[in-house]
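**Student:** Take this structure, written in structure tokens, and hold onto it; I'll ask about it next.
Values quoted throughout were computed directly from the atomic coordinates according to the rules given, and no laboratory measurement underlies them. Keep in mind that this is a model prediction, so the values were computed, not measured. Cβ placement follows ideal geometry from the backbone for every residue including glycine, while neighbour counts extend to all protein chains displayed.
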Amino acid sequence: MLAGELRAAGAEVTFACAEGFAPLAETAGVEFTPLRVGRNANTGIARRTVQAAGETGRLEEFLEATRAGAVPALLVQARHRRADMLAEPERVLAQLRAMHARHPADWYVVDQLSYAVTLALHCLDLPYVTFCPGHPSYLPAAPGALFGVPYAWPQAVRPTAADLQTLHGEAQANDVSFTALFARFIARHAPHRPVPSRAFTLCSPHAVVLNYPRLNWLPPRPEGPVYVFTGHLTPTGTLDPGPFWNSEVSRLRQAGRRLVLVALGTFLSARRDVLESVTRGILAGCPDTSVIVAAGDQAEALAGLAGPRVAVAATVPQQALLRQVDAMVHHGGNNSFTECLAAGVPALVLPFSSDQFSVAHDAERSGAGLCLDPHRLDPERAGQAVSALLDAPGRGLEELRRHVRLHGPRRAAQRLTALMARPAGRGSNGARTVRGAAGWPAPDG
């Protein structure tokens, strides 16, 4: 969305990413060039994506950890992060240097989680904008804040003091070792460039795009750059899910006057037990409600749930369907949260890992939804929570929807192009050239 809106705002845009994402560039109407950043791939349903050697085992280890609870999942992610977040930085540096020599860009827009790309751009002293795809606390600036430790927890998920101490220890070790890696790399490849005091806070000194609403209780962010809150990254016009889903929605509405979408994202759709508990809970606790389940590679296993009030599919057109449902059950992913806000749809949030606990906290505090611990979930609780959302959506949801809708990708792109115009050079034809470099980290759900 952002690439397409940057093009519409007058920039020449090239999307640089893994080959599997080339169709996204075509959809946005921008050029594509291959750039492989990490070992892990995530092009849809995680278990169906062809992964590098060892990544499938890491994915299964992560999914198994989510069954043990919040802190076990976060600990596995912290340990995986050490091996994955700065994979092959020399190769990435060489790729970007060669890419810039072939086709110089005035600006780069880089995924904040693509640390190897950020480090390369820092070493090459190329102007870039940081795009933060997750919770704003992914750029830790508050005293004691650590990447991988939620800045706040939802009411339903309260780890013990001992578990939190263990998690802080792992995150602190990552912070120290990651910063040391950055320092050694910069000393070797660009000794004239400054070394960040903390690697996880390294971001553009010019601008940071946050795919999030501007909530007044968010933690502090690194000083220096201009912060652009997108609010959401969904199209503002009419979204049509297509003939099949229009027909399914009509069928499901005939069986139940209200409709709920259940989707746990790329990785966590593998949690068949949670999908089934939620669906059965809604069927029992909300007798006038139908359900659409995005079941990933569990669609066949959950086919027995399908019926007059249930549709089960591997994938669904989520953004379009959100315009036609009354509530959603999701995992606390950034996109799901902001897409629900843009559509004005209340959500039951079931956080498993990464920044999902922070997102769940914000959903609760803003009045945009409720949260339950998926580790302690049963059908009755799920049904009761969804019923409460349907009967009385949070009071803050409509106000937050209006706030979010005032922003969006078009406004963010226009603001970025204005910011880029001040310090940046121009291409030979007078248009700014922008290259987006996106990499995909280890499974964060």
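**Student:** To the nearest 20 debye, what charge dipole does the chain have about its Cα centre, counting +1 at the Cβ of each Lys and Arg and -1 at the Cβ of each Asp and Glu? Each step should come with its number before you reach the end.
**Tutor:** Working: 43 positive and 38 negative charges, 179 e Å.
It comes to approximately 860 debye.
**Student:** With springs connecting C-alpha atoms under 10 Å apart, model the chain as a Gaussian network and identify which of His232, His189, His375 has the largest mean-square fluctuation.
**Tutor:** Of His232, His189, His375, the most mobile in the Gaussian network model is His189.
**Student:** Which number do you get for Rg(Cα) / (2.2 N^0.38 Å) in region 243-404?
**Tutor:** Ratio of Rg to 2.2 N^0.38 Å for region 243-404: 0.93.
**Student:** Restricting the count to DSSP beta bridges whose residues both fall in region 243-404, what percent are antiparallel, rounded to a multiple of 5? All intermediate terms of the calculation are to be shown ahead of the outcome.
**Tutor:** Details: 1 of 20 bridges.
Bridges in region 243-404 that DSSP calls antiparallel: roughly 5 percent.
**Student:** Restricting to DSSP H runs of at least four residues, report the calculated mean residue ellipticity at 222 nm for the chain, -39500 (n - 2.57) per run over all residues, nearest 500 deg cm²/dmol.
**Tutor:** Numbers: 16 runs with 185 residues, N = 445.
The per-residue figure over the chain is -13000 deg cm²/dmol.
**Student:** A follow-up question, please. If I take the Cα coordinates of the chain and project them onto the principal axes, what are the three extents in Å, biggest first?
**Tutor:** Largest to smallest, the principal-axis extents are 66, 52, 42 Å.
**Student:** Sticking with this one: Treating the beta-carbon of each Lys and Arg as +1 and of each Asp and Glu as -1, no other charges, what is the dipole magnitude of region 243-404 about its Cα centre, to the nearest 20 debye? Let's see the in-between values first.
**Tutor:** On the way: 15 positive and 17 negative charges, 76 e Å.
The calculation lands at about 360 debye.
**Student:** Here's another thing I want to ask about it. Nearest 10 degrees, 0 to 90: what angle lies between the long axis of helix 409-421 and the longest principal axis of the chain (Cα atoms)?
**Tutor:** Computed tilt is about 10 degrees.
**Student:** What is the set of long-range amide H partners of Val312 at a cut-off below 5 Å, with H atoms built 1.01 Å from backbone N?
**Tutor:** The list, which skips near neighbours in sequence, is Val293.
**Student:** Charges on Cβ only, +1 for Lys and Arg, -1 for Asp and Glu, centred on the Cα centroid of the chain; of Gly237, Cys123, Leu377, which one is farthest towards the dipole's positive end?
**Tutor:** Working it through, the farthest residue towards the positive pole turns out to be Cys123.
**Student:** Another question about this same structure. When the Karplus curve 6.51 cos²θ - 1.76 cosθ + 1.60 is applied with θ = phi - 60°, which whole-Hz ³J(HN,Hα) does each residue of region 387-402 get, with x for Gly and Pro?
**Tutor:** Listing the rounded values in order: 4, 5, 5, 5, 6, 8, x, x, 5, x, 5, 5, 5, 5, 4, 5 Hz.
**Student:** Place a +1 charge on the Cβ of each Lys and Arg in region 292-373 and a -1 charge on the Cβ of each Asp and Glu, then give the dipole magnitude about the Cα centre in debye, rounded to the nearest 20. Numbers along the way, then the final one.
**Tutor:** Working: 3 positive and 8 negative charges, 49 e Å.
So the dipole magnitude of region 292-373 works out to roughly 240 debye.
**Student:** Taking the Cα centroid of region 244-262 and of region 54-112, what is the distance between the two, rounded to the nearest whole Å?
**Tutor:** Cα centroid of region 244-262 versus Cα centroid of region 54-112: 38 Å apart.
**Student:** Towards the positive end of the charge dipole of region 243-404, with charges on Cβ (+1 Lys, Arg; -1 Asp, Glu), say which of Val404, Val325, Leu302 has the farthest Cα.
**Tutor:** The residue sitting farthest along the positive end of the dipole is Val325.
**Student:** Go through region 242-250 residue by residue and turn each phi into a ³J(HN,Hα) via Karplus (6.51, -1.76, 1.60, θ = phi - 60°); whole Hz please, and just put x for glycine and proline.
**Tutor:** Once rounded to whole Hz, the list reads x, x, 4, 6, 4, 5, 5, 4, 4.
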